[in-house]
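The values are calculated or read from the model by the stated rules, or taken from the named source; none is laboratory data. Not measured: the values here are computed from a predicted model. Here the Cβ positions follow ideal geometry from the backbone for every residue, glycine too, while neighbour counts run over all protein chains shown.
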Amino acid sequence: MNLEKDTQSLDLWVSFDTEQIKEWSQGKAALAVAPPGIESERLFMHLCAVAKACQKWQVGPQPVTNNYINSIEELSKPQRQEFITSLFLVEGSMLKWSKYLNVPADLLEYIAYNTFKPVVKTYAEIVLGQIQISDWTHGYCPVCGSQPSIAKLAGKDGHRRLYCGRCEIDWRYKRLGCPHCDDNASQASFITLDNYKQYRIYLCDRCKSYLKTVDERISGEVDLFCEDLATAELDKIAQAEGFQRSHSRQWV
């Protein structure tokens with residue numbers, strides 16, 4: 001199956017009404033306020049194709065086995081719809097389906113992430129045409145509710161912009177404090193590297209999370225998607241110090 005062609009064929013639709021925009025302005029991510037209509041059966045087939053591609057090219061946190069693929073393909077039509085809808089929209093359902101299918105949760109999460117990413121990215125493009133994310137003040141993504149994967153210090157004033165790796169948008173956030181737990185700067189610190197002064201790793205002693213950050217005043221304008229991939233060594237440094245990268249989604 002041609003994954004690129006398959007992804008382009010996935011249709012979705014969404015429209016915000018006045019009440020939904022009000023909910024969003026009060027801090028509820030767009031995906032929770034106005035989830036898109038999706039073709040669950042076609043998206044299910046796309047997930048199977050992604051799983052088979054991971055098996056063929058041996059990518060992911062661990063190998064994709066035939067038993068894993070068979071256990072998914074044997075789901076009934078109602079189960080397939082519930083499976084796709086819950087993994088796409090419901091935080092915390094990953095463990096439930098991992099146990100039911102008897103597959104590792106991190107592998108299921110990896111495949112689901114890569115299955116839904118193009119859908120969420122397209123959804124983000126629709127959302128940005130209907131709401132003003134410049135009004136968003138929270139530390140989680142205004143579109144899908146995910147925690148930021150990386151950040152940058154932009155402009156002459158070095159203001160901070162957070163970046164969502166799931167739907168690939170960025171938004172402005174206060175310069176000090178942890179976006180993951182919304183703590184103030186009293187329990188935060190950062191690491192700098194002598195040979196790579198454009199990078200910082202912000203650490204929060206309260207929630208033990210970290211956030212990689214690129215200073216564009218030093219590096220010039222960057223693509224945060226590429227920077228996130230290129231700075232895997234920074235993840236290792238932070239994790240060696242006992243800090244973790246947050247992946248949870250915020251719906252409220």
Is there a residue in the stretch 95-105 that is of a type in the set (Val, Ile, Thr), closer than 30 Å to residue 72 by Cα, part of a loop (DSSP other than H, G, I, E, B) and under 12 Å from the mean Cα position of the chain (by Cα)?
no
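Yes or no: the stretch 61-69 includes at least one residue that is closer than 20 Å to residue 109 by Cα and among the aliphatic types (A, V, I, L, M).
Within the stretch 61-69, one or more residues are closer than 20 Å to residue 109 by Cα and among the aliphatic types (A, V, I, L, M).
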Does any residue of the stretch 112-121 turn out to be assigned to a helix (DSSP H, G or I) and touching an Asp or Glu at 6+ places or on another chain (Cβ under 7 Å)?
yes
If you take the residues of the stretch 54-106 that are closer than 18 Å to residue 38 by Cα and aromatic (Phe, Trp, Tyr), which of them is surrounded by the fewest Cβ atoms within 10 Å (Cβ to Cβ)?
88
Please specify each residue of the stretch 206-229 satisfying the condition of being aliphatic (A, V, I, L, M) and at pLDDT below 95.
229
Being among the basic types (Lys, Arg) and under 19 Å from the mean Cα position of the chain (by Cα) is the filter here; which residues of the stretch 209-239 pass it?
212
When you scan the stretch 187-234, how many residues do you find that are closer than 11 Å to residue 150 by Cβ and part of a loop (DSSP other than H, G, I, E, B)?
3
Take the conditions under 30 Å from residue 182 (Cα atoms) and in a loop (DSSP other than H, G, I, E, B) and apply them to residue 27. Does it pass?
yes
Determine whether residue 203 is of a type in the set (A, V, I, L, M) and at pLDDT 95 or above.
no
Within the stretch 186-198, does at least one residue satisfy the condition of being in contact (Cβ under 8 Å) with a residue 12 or more places away in the chain, over 30 Å from residue 36 (Cβ atoms) and surrounded by 21 or more Cβ atoms within 10 Å (Cβ to Cβ)?
no
Within the stretch 63-86, tally of residues that are touching a residue at least 40 places away in the same chain (Cβ under 8 Å) and assigned to a helix (DSSP H, G or I):
4
How many residues are within 29 Å of residue 29 (Cα to Cα) and at pLDDT 95 or above when one looks only at the stretch 50-71?
2
Step by step: first the residues of the stretch 157-167, then only those that are at pLDDT below 95 and out of contact with any strand residue (DSSP E or B) (no Cβ under 6 Å at 6 or more places or on another chain), then the one that is farthest from residue 199 (Cα to Cα). Which residue is that?
167
Of the conditions (1) loosely packed, with under 14 Cβ neighbours inside 10 Å; (2) in contact with a Lys or Arg (Cβ under 8 Å, 6 or more places away or on another chain); (3) not in a helix (DSSP H, G or I), residue 41 satisfies every one except a single condition; which number is it?
(3)
